[in-house]
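Trainee: The structure is given below, and queries will be raised subsequently.
The values are calculated or read from the model by the stated rules, or taken from the named source; none is laboratory data. Computed from a predicted model, the values in this text were never measured in an experiment. With ideal geometry, Cβ positions are generated from the backbone for all residues, glycine too; neighbour counts draw on all protein chains shown. In case anyone asks, the SASA skips ligands and DNA or RNA and just uses the protein heavy atoms, side chains included. Shrake-Rupley method; radii C 1.70, N 1.55, O 1.52, S 1.80 Å.
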Amino acid sequence: MGAGPAHRLYRQGRSPVHVLPPHTKLTAVLCFVVVVVSTPREAIWAFAAYALLLASVAYAARVPPAFWLKRLLIEVPFVAFALLLPFVAEGGRTDVLGLSLSVDGLWGAWNVLAKATLGVAASVLLAATTELRDLLLGLRRLRLPPLLVQIASFMIRYGDVVTDEMRRMRVARESRGFRARGPRHWGVLAKSAGALFIRSYERGERVHLAMVSRGYTGTMPVIHEVTASRAQWTYALTLPLTALAVCLLGWTLT
């Protein structure tokens, strides 16, 4: 697999988190996100505890804070949506720094921001400690429909192929003195996009014919099966089980 944009999320390492089987980490992250979403929004201290749990996982995985926080920028659209809620939501109003804001909107913004941030942070840690190929093996191990796993696999691989093809076409245009500086150059870019689509479609057809000629019948061969011991499952599920205890305590105290 190439070093496309998705592959750059992975950070090479041999930490205790890196060596865990991928399906155990997928299960742990999914359960953790479900627990976070189930936590009452009024239990602010519980979300702080979740953040500390993720920070401890990042420390165990030897993922630097700068690497982790930089990739959280993908959450910016959720932040923008959350910041709008206090202004557009209905219900009781309160004054904050001279602005009249909705109380329900403030709680809603906090709810979206806290839970989305924790979910994205957990996903970033999963991607940083698990290679894409291993993630696909983990999904297959968790009995995700094989067709969906194959679609995801081809999507990842063709993402790298198309990105590399776009780079070559850009280099070819610039080597001929082309620089996109305004709307009058949009026609050239549109033709390049059309050519890219045709090349990708033709390459997909060639790959499919090559697979069929080699005996492809709708299922991909498994080179090696991933397994997990009881100790590995216990280690992986420490995060969601601890988060579950925090969640239950949060419901009790709220």
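Trainee: With angles folded into 0 to 90 degrees, how steeply does helix 76-88 sit against the dominant principal axis of the chain? Use alpha carbons for both and round to 10.
Mentor: Roughly 40 degrees, rounded to the nearest 10.
Trainee: How many Å³ per residue does the convex hull of the Cα positions in the chain occupy?
Mentor: Each residue corresponds to 205 Å³ of Cα convex hull volume.
Trainee: Can I ask one more? Please find, in a Gaussian network model of the chain (springs between Cα atoms separated by less than 10 Å), the residue of Val33, Val149, Val76 whose mean-square fluctuation is greatest.
Mentor: With Cα springs under 10 Å in the chain, the top fluctuation among Val33, Val149, Val76 is at Val76.
Trainee: Excluding Arg41 itself, what net charge comes from residues whose Cβ is under 14 Å from its Cβ, given Lys and Arg +1 and Asp and Glu -1?
Mentor: Around Arg41, the charge tally is -1.
Trainee: How would Lys70, Lys115, Lys191, Lys25 line up by accessible area, probe 1.4 Å, largest first?
Mentor: Listed by decreasing accessible area, they come as Lys191, Lys70, Lys115, Lys25.
Trainee: What percentage of the solvent-accessible surface of the stretch 145-213, computed with a 1.4 Å probe over protein heavy atoms, is contributed by carbon and sulfur atoms?
Mentor: Here carbon and sulfur together make up 66 percent of the probe-accessible area.
Trainee: Continuing with this model, one more query. Any chance you could look up the accessible area of Leu253 with a 1.4 Å probe, heavy atoms only, rounded to 10 Å²?
Mentor: Rounded to the nearest 10, the figure is 120 Å².
Trainee: So what's the net charge close to Gly105: Lys and Arg +1, Asp and Glu -1, counting the other residues with Cβ under 11 Å from its Cβ?
Mentor: Here the charged neighbours net out to -1.
Trainee: Please report, for the Cα atoms of the stretch 31-126, the Rg to one decimal and the Dmax as a whole number; what are they, in angstrom?
Mentor: My reading of the Cα-based Rg and Dmax gives 15.0, 45 Å.
Trainee: Excluding ligands, DNA and RNA, what is the solvent-accessible area per residue of the stretch 145-213 at a probe of 1.4 Å, expressed in Å²?
Mentor: Result: 74 Å² of accessible area for each residue.
Trainee: Under 15 Å from the Cα of Lys25, which aspartates and glutamates turn up, not counting those fewer than eight places away in the same chain?
Mentor: Output for Lys25: Glu131, Asp134.
Trainee: Continuing with the same structure: Starting from the Cα of Trp251, step 7 Å toward the Cβ, then list every residue of the stretch 101-138 with an amide N under 12 Å from that point.
Mentor: Backbone N within reach: none found.
Trainee: List, in order, the whole-Hz ³J(HN,Hα) value for each residue of the stretch 126-133 obtained from phi through the Karplus relation with A = 6.51, B = -1.76, C = 1.60 and θ = phi - 60°; use x for Gly and Pro.
Mentor: Ordered by residue, 3J(HN,Hα) equals 4, 5, 6, 10, 9, 5, 4, 4 Hz.
Trainee: First select every other residue whose beta carbon is under 12 angstrom from the beta carbon of Gln12; then total the charges, Lys and Arg +1, Asp and Glu -1. Display every interim value, and only then the final one.
Mentor: Details: positive: Arg8, Arg11, Arg14, Arg62; negative: Glu131.
Summing Lys/Arg as +1 and Asp/Glu as -1 gives +3.
Trainee: Right, here's the next one. Check which residues have an amide H placed less than 5 Å from Arg93's amide H, if you skip close sequence neighbours.
Mentor: HN-HN under 5 Å from Arg93: Val103.
Trainee: How far is helix 238-253 tilted off the main Cα axis of the chain, in degrees rounded to 10, range 0 to 90?
Mentor: 40
Trainee: Let me ask another. Label-point separation (nm) for Phe67 and Trp107, each offset 7 Å from Cα along Cα-to-Cβ?
Mentor: Using points 7 Å along Cα→Cβ, the separation is 4.0 nm.
Trainee: Please give the residues of the stretch 149-169, grouped as numeric ranges, whose backbone N is less than 15 Å from a label point set 7 Å along the Cα-to-Cβ vector of Thr219.
Mentor: 149-150
Trainee: How many nm separate the modelled label positions at Ser38 and Arg176, each set 7 Å beyond the Cα in the direction of the Cβ?
Mentor: Between Ser38 and Arg176, the label points sit 5.9 nm apart.
Trainee: Along the stretch 34-43, what does the Karplus equation 6.51 cos²θ - 1.76 cosθ + 1.60 (θ = phi - 60°) give for ³J(HN,Hα), rounded to whole Hz, x for Gly and Pro?
Mentor: 4, 5, 4, 5, 7, 6, x, 5, 6, 7
Trainee: Pop a pseudo-label 7 angstrom from the Cα along the beta-carbon direction at both Arg14 and Ala152 and give the gap in nm to one decimal.
Mentor: In this crude spin-label approximation the distance works out to 2.8 nm.
Trainee: Averaging sequence separations of C-alpha pairs under 8 Å and six or more residues apart, then dividing by the length of the chain, give the relative contact order as a whole percent.
Mentor: 37
Trainee: On a 0 to 90° scale, report how tilted helix 186-213 is relative to the longest principal axis of the chain, with both axes built from alpha carbons and the result rounded to the nearest 10.
Mentor: 80
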